[in-house]
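Have a look at the structure below before the remarks.
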Amino acid sequence: MELSRHAIDKLETYGITSERLLGWEAAMAQGSRLVDRGTGASIVVMEWEQRPWIAVLSQDGDRVITTYPTDHGTLTNPIGAGRWVKFQD
């Protein structure tokens with residue numbers, strides 16, 4: 001999957017380069033794909049290095065626009081409220 005310049009910058013900010021980047025990419029491939037019902041954005045929620053991460057994808061789903069670590073409590077808000085729902089092919 002392609003990374004935007006912003007996504008690359010964010011990963012570098014969190015110290016994710018080289019071999020760690022391979023682990024992040026593997027976690028991303030196994031993540032849950034969701035859709036933000038409010039914006040239509042495609043989102044991947046993954047568990048990596050003992051914490052949840054979010055990646056926001058381009059409209060075609062082929063590019064990571066941004067990524068960031070989060071926590072389980074924060075994830076509960078959009079998922080529990082039904083704003084983020086499972087992606088349907």
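The values are calculated or read from the model by the stated rules, or taken from the named source; none is laboratory data. Worth saying up front: this structure is predicted, and the values here are computed from it rather than measured. Heads up: the accessible areas ignore ligands, DNA and RNA and are worked out on the full protein's heavy atoms, side chains in. Shrake-Rupley method; radii C 1.70, N 1.55, O 1.52, S 1.80 Å.
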Considering only protein heavy atoms, what per residue accessible area in square angstrom results for segment 1-77 with a 1.4 angstrom probe? 58
Tally up the carbon and sulfur contribution to the accessible surface of segment 9-89 as a whole percent, 1.4 Å probe, everything protein left in place. 49
In units of 2.2 N^0.38 Å, the Cα radius of gyration of segment 48-89 is 1.27
